[in-house]
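Chemist: Supplied in structure tokens, the structure appears directly below.
The values are calculated or read from the model by the stated rules, or taken from the named source; none is laboratory data. Note that the structure is predicted; figures quoted are calculated from it, not measured. Don't worry about glycine lacking a Cβ; one is built from the backbone with ideal geometry, like all the others, and counts go over all protein chains shown. Just so you know, the surface numbers come from the protein's heavy atoms only, side chains and all, with ligands and any DNA or RNA stripped out. Shrake-Rupley method; radii C 1.70, N 1.55, O 1.52, S 1.80 Å.
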Amino acid sequence: MDIYNSDYTQAEGPKRGELEEFLRKDREVAAIQRENFRRAHAAGAKMVFGTDAGIYPHGHNAKQFAVMVRYGMTPLQAIQSATVNAAAHLQISDVAGSLTPGHSADVIAVSGDPLQDANITSFRAIQSVDKALVAPVAKSYQDIVPEPVRDGLGNALRNLTEPVNFLNFLLQFKIGKAAETLGRFAVNTTFGVGGLVDVAKTKPFNLPYRRNGFANTLGFYGVEPGAYFYLPLVGPTTLRDLAGNSIDLLVVPTAVGAPFDRTAYAVPTTVIKQLNDRIENAAEIERLQEESADPYVETRTLYLE
């Protein structure tokens, strides 16, 4: 069935002088078709995407994907209907339907969240772990460790990101911000006792913390964000952010070496940072978990804004 037809008919029909009776009948038939599509998909029926166009001009065929998603499919399932499912139905999976050497294929380019199925599964699993383990541990950490100590540890770990910030400001030709970042690092490392106290943000220095990284540098040079992911230990990210943040983590261990390149340093500092972040974002996380109509979609939207 073609469940896009009605969108085209309802948009173009009045322009062509089609009678309201015809348009009403079209809406009725479309509602039945789309409900049947939704029920068939929910029941597990394999859908195959065709390329015929009986009403609308050829070239509009791809608009069918959006309607398929509107009536129950995920974006990935809609794409599969035109690739692996179609090839399997035609019994030509050995020569088409996938991006495999020697196969014939069209490339469907997507942006945003093409891995939504996997992302939602990952998101739900991580939220379950957060409720059962991470949140209680973070609450215990908050109750046991005094706030000044937590703040000091957080300041010191943040201070160690300043060389990365400085380097990326240079790569982006933001010399003024690079100089301020270097000055901030020097002030906090000396007067702030290795960064435990954020002296640089106070008078007379007035040097605010400005986060930067290789993900921003990649964007500065025109690299697009790419696909969205929700990953264990990482959370929401994009392909560009994942690559850039991975480089960020390598800068200090590679440039300085011990102790920053040792597991005995990396594990506890990562745990402390994650717990501090969980405490800082507790109210927003709980709001999403308890009040949001769709926590996954809202989390993605907030990250990509």
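Chemist: Which of the three applies to region 210-270, rounded, prolate or oblate, going by the alpha-carbon gyration tensor with a ≥ b ≥ c and a/c under 1.5 meaning rounded?
Modeler: oblate
Chemist: Now for a separate question. Convert each backbone phi in region 32-38 into a coupling constant with the Karplus relation 6.51 cos²θ - 1.76 cosθ + 1.60 (shift: θ = phi - 60°), then list the ³J(HN,Hα) values in order as whole Hz, x for Gly and Pro.
Modeler: 5, 4, 5, 5, 5, 4, 4
Chemist: Something else about it: Would you work out which of SER292, ALA282, LEU196 lies farthest towards the positive end of the dipole of the chain, given +1 charges on the beta-carbon of Lys and Arg and -1 on that of Asp and Glu, about the Cα centre?
Modeler: In the chain, that residue is LEU196.
Chemist: Would you please give the residues with an amide H less than 5 Å from that of THR238, counting only those at least 5 places away or on a separate chain, with H modeled from the backbone geometry?
Modeler: PHE229
Chemist: Right, another one. So what is the relative contact order of the chain, in percent, for Cα pairs below 8 Å that sit 6 or more residues apart?
Modeler: 13
Chemist: Hey, another quick one. Please list, ordered by chain and number, the residues whose modelled amide H lies under 5 Å from the amide H of ALA96; skip anything fewer than 5 residues away on the same chain.
Modeler: Distant-sequence amide H within range of ALA96: SER104.
Chemist: Among GLN91, GLN64, GLN289, whose mean-square fluctuation peaks in a Gaussian network model of the chain (Cα, cutoff 10 Å)?
Modeler: Greatest mean-square fluctuation among the candidates belongs to GLN91.
Chemist: Would you be so kind as to identify which of ALA62, VAL129, HIS89 lies farthest towards the positive end of the dipole of region 12-136, taking Lys and Arg as +1 and Asp and Glu as -1 on Cβ and the Cα centre as origin?
Modeler: VAL129
Chemist: So, one more: With 10 Å bins from zero, work out the P(r) of region 167-305 over every alpha carbon pair and list the percent per bin.
Modeler: Computed distribution, short to long bins: 10, 28, 38, 22, 3.
Chemist: Taking springs between alpha-carbon atoms closer than 10 angstrom, which of ASP241, ASP294, ASP198 fluctuates most in the Gaussian network model of the chain?
Modeler: Of the options given, ASP294 has the highest mean-square fluctuation.
Chemist: Another question, then. Please label the shape of the chain as rounded, prolate or oblate, based on the square roots a ≥ b ≥ c of the eigenvalues of the alpha-carbon gyration tensor (a/c under 1.5 means rounded; beyond that, a/b larger than b/c means prolate, else oblate).
Modeler: Since a/c reaches 1.5 and a/b is larger than b/c, the shape of the chain is classed as prolate.
Chemist: OK, next. What is region 115-206 by shape, rounded, prolate or oblate, if you read a ≥ b ≥ c off the alpha carbon gyration tensor as root eigenvalues and call it rounded for a/c under 1.5, prolate for a/b larger than b/c, and oblate otherwise?
Modeler: The shape class here is oblate.
Chemist: Leaving ligands, DNA and RNA out of it, report the carbon-plus-sulfur percent of the accessible area of the chain at a 1.4 Å probe.
Modeler: C and S atoms contribute 62 percent here.
Chemist: For the chain, modelled as a GNM with alpha-carbon contacts under 10 angstrom, which of PHE185, PHE22, PHE205 fluctuates the most?
Modeler: PHE22
Chemist: Restricting attention to the alpha-carbon atoms of region 1-159, what are Rg (one decimal) and Dmax (integer), both in Å?
Modeler: Cα radius of gyration and Dmax of region 1-159 are 24.5, 75 Å respectively.
Chemist: Along the positive direction of the dipole of region 35-187 (beta-carbon charges: Lys, Arg +1; Asp, Glu -1; about the Cα centre), which of MET47, GLY183, TYR141 reaches farthest?
Modeler: It is TYR141.
Chemist: For the chain, give the magnitude of the charge dipole about the Cα centre (Cβ charges: +1 Lys/Arg, -1 Asp/Glu; no others), in debye to the nearest 20. Intermediate results must be reported in sequence, preceding the final value.
Modeler: Numbers: 29 positive and 34 negative charges, 127 e Å.
That gives a dipole near 600 debye.
Chemist: If you keep only loop residues by DSSP, which chymotrypsin sites (Phe, Trp or Tyr not before Pro) in region 64-167 have at most 14 other Cβ atoms within 10 Å of their Cβ?
Modeler: none
Chemist: Let me ask you something else. Under a Cβ-only charge scheme (Lys and Arg +1, Asp and Glu -1), can you give me the dipole magnitude of region 168-305 about the Cα centre, in debye to the nearest 20?
Modeler: Charge dipole, region 168-305, about its Cα centre: 720 debye, nearest 20.
Chemist: If we count every other residue with Cβ under 14 angstrom of GLY72's Cβ, Lys/Arg +1 and Asp/Glu -1, where does the sum land? It would help to have the intermediate numbers written out before the result.
Modeler: Working: positive: ARG34, ARG38, ARG39, LYS46, ARG70; negative: GLU35, ASP117.
Every neighbour counted, the sum reads +3.
Chemist: Per residue, how many Å² of accessible area does region 154-305 show with a 1.4 Å probe? Display every interim value, and only then the final one.
Modeler: Details: 8890 Å² over 152 residues.
Spelled out: the 1.4 Å probe surface of region 154-305, per residue, equals 58 Å².
Chemist: Mind checking the per residue accessible area of region 2-42 for me, 1.4 Å probe, whole number of Å²? Write down the numbers at each step before the final one.
Modeler: Numbers: 2590 Å² over 41 residues.
Heavy-atom SASA per residue in region 2-42 reads 63 Å².
Chemist: Run the dipole for region 1-110 about the Cα centre, Lys and Arg Cβ at +1, Asp and Glu Cβ at -1, nothing else charged, and hand back the magnitude in debye, nearest 20.
Modeler: 280
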